[in-house]
C-alpha cells in the first residue's frame, strides 16, 4: 500500500518535465489553439489596416492636395507663372506638414520647401497634359535613411513648362500607425500570455484533481474500499466525474459487503447441511444394522439433494445477473400463469392451515421467460406460506391469509402477493432481497434463503422491479414487469 | 430395452450401465461424440442417453446429425449445464427430454421408460384403464367401480399422465414438467399435496389403493403395491 502511494505521488523530476506534462494536457492544448487563432486573426487585422504606407493617406487628404494644386494652376493661368511661383514660395514658408516643389521643365527648382524632386514620383518632364498623378515618396535625407521622412504627394503640370508637387508629410500618421501597431502587438502578446497561462493553470488544476483521482483509485485497487475521490464545490465536469466514481465505489463497496455477508451465510447454509451429510454418511458406515445403514444413506441422498437445490438456485441467480438469456423469452398470458401457480400452491396453503385466493382475471399478455416468471411467482407464494403464520380463527373475517393479485396498468403489470403475517420492518426490506438473507438469525426454517433474491434477479432481468410494502398487517411483495409493447422492442 | 449411453465420464458410464442392467435393460456406451453417432446410426437402440459436452463432437451436434438423417430414436440429454436456456437448446436440437446433472438414478430410469412409451403410438388411446379405474379422454370422465369421480381439470391431467404411465414410476419433477409445464424448483413438495388430494378422490373408500408412493423415487399407479 505504502509503495503504491509513493510511486503515484512522486512528482516529475524537473520543471521541464512537469511543463511537458502540463503541455500535454487537453486543457493546455485547447488554450494554445485558442491563442494561436487569436494571434492569426489579430495579425490579419493589422496587415489589412496598417500594412502599407499608402493606406495612411486618406481620400480627403488627396482631394485637398488636388484642390490646392488646381488653385495654384489657376493662379498660373490667370496671373502668369511668376504669380504661381510667388504663391508656392509664400505657402512654403509657413508650412509645417505641407510640402511643395515647383520645378521648371528642365527640372530646376523654382520654389518650394522640398530640396529635390523625389525619385519615387514621375519626373516633371515625363508629365504631360493636365492630369494629376502622385504617390508616396521619401524626402529629407536620401542618404541617411533614418532621417528620411515619408510623405504623400500629387504631381501636376502647371502652364506649359512647370510641374508642381503638392505633398503632405506622413510622419504623424506613421507615428500613429506605429503606436497602433505596438498596441496591437502588446495587446495580443498579453492575450497570448494570459491564454497560455490560463491553459497552464487549468491543466495544473485538472492534473492535480486527476492526480487525486488516480491516487484514490490506486488505494482502492490496493484494497482500501473506504477511499473516496475528493470533490470540490465547483460542480464542474470533474466533480460530476468524481461524483459518479464515488457512486460507483459505493456500489462496489456494498457489493463487497454483500459478498462478505453472502460468504458468511454460505458458510452457514452450505456447511451445516454438508456437516450433517458427512455425519450421517459416517454413522451409516459404522452402523452395524444394515437396515439402519440403508436408512441413513437415504437421508444422505436427501441432504445432497437439498445442497444441489441451493447450488442450482445460486447458479441461476448468477446467470440471471450476468445478463439476458438468448432466445428464451416467449409471449404468453401472464394472468393464466399466475392463476396456475396460485392453483399449484393452493392445496399447500390449505395444508398449512391458510387460505389462498387469487385475483388474476384481467388478461395480461407479456413477453418474458415463462419459466422464470413462474418460478418468481412460486417463490413469492411459497415464502408467504412459509413465513406468514396461520391466522387465528378469530380474524377469519379479515379475508384470506394470502392474496395473489394481478394488476394491469398502462406501462406495467404487477403481480402482488400479500400475506397477513408479521411483515418485514421497513428498515430490513432492502436487505431481504439480497442473497441468503433470512431475517431470523437462527436460520432454522427450511429454505435456501435465495427465494426473494431470485425474484429480484428475475425482475431485473426483465427490466422490472420488486417492491416490498406494508399490507397492514403483513407483507405485500409486488413484482412489476414492463408491458409487452415495451418489452417486445427490447428483445 | 436397449439403451445407448454416450458419455465420456467413465465412472458415470460404469455406474449407469450396471444400474440399467439391474433394471432389466441392456446398455452400450460410447465415450465420444463420433463413436456415439456411429453406433446410434445403426438404429438398434430404443433410447439414446446423450451427454451435452463430449470429446470429438458435442451432444447437440450428434443429435442434430441423427435427426437430419431421419433417425427418430428418442433422446434424453444429460447435462451439467442446467441453465434456463440450455434445456430449450437441447430440445431444439431434437432432444426429447433433458436431465441436469447431478441426478437421481430413479429420475433417469423413470424418464427413460417414459420416453420409450412416448415413442409408441398409444397417445391416441381414447381411454386408460387400471383395475376398476377408468379414465375416458374424450368425455373427460373418470369412474372407479362404475362410480363417477369428479376431478378438477388439473387433477384430471395429473391422473391422465399417471395412467398413461401405469405400472411405471413417475417422478415429481416429471409431473411438474409434464402436467404443469414448469421447469423450475417449486421449493416445497407441492406435488405431494396434489397427489394426496387426488388419492383421496380415487382411493378413499375403496379397499385396494391404486396410487402408490415409491419411496425416494416418485409415484406409480397400478394394481400391484
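None of the figures in this text is laboratory data; all of them are computed from the coordinates on show. A quick note: this is a predicted structure, and the numbers were derived from the prediction, not measured. Cβ: placed from backbone, ideal geometry, glycine included. Neighbour counts: every protein chain shown.
A few comments on the model shown:
- Against the rule of thumb 2.2 N^0.38 Å, how large the Cα Rg of region B:127-221 comes out: 1.02
- Counting neighbouring Cβ atoms within 10 Å and putting the fewest first, the residues B:6, B:112 line up as B:112, B:6.
- Cβ-to-Cβ counts within 10 Å put A:184, B:15 in ascending order as B:15, A:184, the fewest first.
- Share antiparallel - DSSP beta bridges, the protein assembly as shown, percent rounded to 5: 75
- The protein assembly as shown, helix-only ellipticity at 222 nm - DSSP H runs n ≥ 4, -39,500 (n - 2.57), divided by all residues, nearest 500: -16500 deg cm²/dmol
- Sorting the Cα pairs of region B:2-119 by distance into bins of 10 Å, from 0 upward, gives 15, 54, 30, 1 percent per bin.
- The relative contact order of region A:275-337 comes to 25 percent, based on Cα pairs under 8 Å that sit 6 or more residues apart.
- Cβ-based exposure ranking for B:125, B:56, in which fewest neighbours within 10 Å come first: B:125, B:56
- Each principal axis of the protein assembly as shown carries a Cα extent, and these read 163, 59, 56 Å when sorted largest first.
- Values of log10 I(q)/I(0) for chain B across q = 0.07, 0.14 Å⁻¹ run -0.25, -0.90, by the Debye formula with one identical scatterer at each alpha carbon and no solvent.
- Our note on the geometry: Cα centres of region B:131-146 and region B:152-225, 16 Å apart.
- Using alpha-carbon coordinates, inclination of helix B:153-164 to the longest axis of chain B, degrees: 60
- Euclidean distance between Cα centres, region A:246-292 to region B:32-74, Å: 39
- Treating each Cα of region A:253-321 as one equal point scatterer and applying the Debye formula with no solvent, the log10 of I(q)/I(0) at q = 0.26 Å⁻¹ comes out as -1.08.
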